[in-house]
Amino acid sequence: SQPIDQHIEKLTTAEDVCERIVAVHRLNERFVACGSHDEAMCLASELGNARICKALVDLLVDGDSLVELAVQLMSNLCLHVGSAYELERAGAFSVVMATLRADEPLMRIAGLSLLVTLTDHPEMIAPLVRAGVVKLLCFLAKGTDYWPFILEIADGVLRETPFTVPERQRQQLRDVLVAAAHQQKAGRLPLALQDARRLTRLLITLRALNMAAPKPRQQKK
């Protein structure tokens, strides 16, 4: 196989989108070949530099078909929190959020998997919220296809620093989760047992957050 530097060179310098996609595919294969989680973490740390992260964002903007492979490589890089920071600095989060609004199932699965990986890093929650992750979840909640992802990402966002999410967005999220609970009860939203339990837990969390949120002080008359 070609040395990894050749794939990096193609990804970061080639003008042809197809060449860059092939390079991304080869780099993803390197992660698949890793024999352990530690080995994958080391590779993520090695590849997660500003140059590669910018090239991946450019590919998302320039490309058309198979760009979900670039998002898959982002997920692999985000095993290491330092690489996640580099992706955020490269503007990846807002580009991914915008891309996921298009009805492209393969891209949505790749992008939502990336968001699940990112929510494993508490340091990434605030940047994700700023990039519009809660608004994206509320948008995707209009359908029935991506609920396991929606619930897992919402759980990650609210797990450690829930007040990072603005009150209005928490309310919007609670509204869509309440609607989902009604749909599930009526048999119109099939959920696996663990997802149904997660939905219930999220509703309890959001209700508690609403009660604990600091209320605006009323002016004395």
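Report yes if residue 188 is surrounded by fewer than 11 Cβ atoms within 10 Å (Cβ to Cβ), of a type in the set (Lys, Arg), free of Cβ contacts under 8 Å to residues at least 60 places away in the same chain and outside any helix (DSSP H, G or I), otherwise no. It is true that residue 188 is surrounded by fewer than 11 Cβ atoms within 10 Å (Cβ to Cβ), of a type in the set (Lys, Arg), free of Cβ contacts under 8 Å to residues at least 60 places away in the same chain and outside any helix (DSSP H, G or I). Of the residues making up the stretch 145-156, not a single one is without any contact (Cβ under 8 Å) to a residue 40 or more places away in the chain and more than 15 Å from the chain's Cα centre (by Cα).
Per-residue answers, yes or no, for (1) under 24 Å from residue 152 (Cα atoms); (2) part of a helix (DSSP H, G or I); (3) modelled with pLDDT of 95 or more:
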| position | (1), (2), (3) |
| --- | --- |
| 7 | no, yes, yes |
| 25 | no, yes, yes |
| 30 | no, yes, yes |
| 35 | no, no, yes |
| 117 | yes, yes, yes |
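Here residue 48 fulfils each of the conditions (1) over 22 Å from the mean Cα position of the chain (by Cα); (2) surrounded by 17 or more Cβ atoms within 10 Å (Cβ to Cβ) apart from (1).
Among the residues making up the stretch 76-102, those that are crowded, with 21+ Cβ neighbours inside 10 Å, under 13 Å from the mean Cα position of the chain (by Cα) and not β-branched (Val, Ile, Thr) are 76, 77, 78, 79, 84, 87, 88, 92, 93, 100. The residue list 141, 212, 181, 186 contains one member that is among the hydrophobic types (A, V, I, L, M, F, W, C) and within 29 Å of residue 88 (Cα to Cα), which is 141.
The values are calculated or read from the model by the stated rules, or taken from the named source; none is laboratory data. The model shown is predicted, which means the values in this text are computed figures rather than measured ones. Methodologically, a virtual Cβ is constructed for each residue, glycine included, from the backbone with ideal geometry; neighbour enumeration extends over all protein chains shown.
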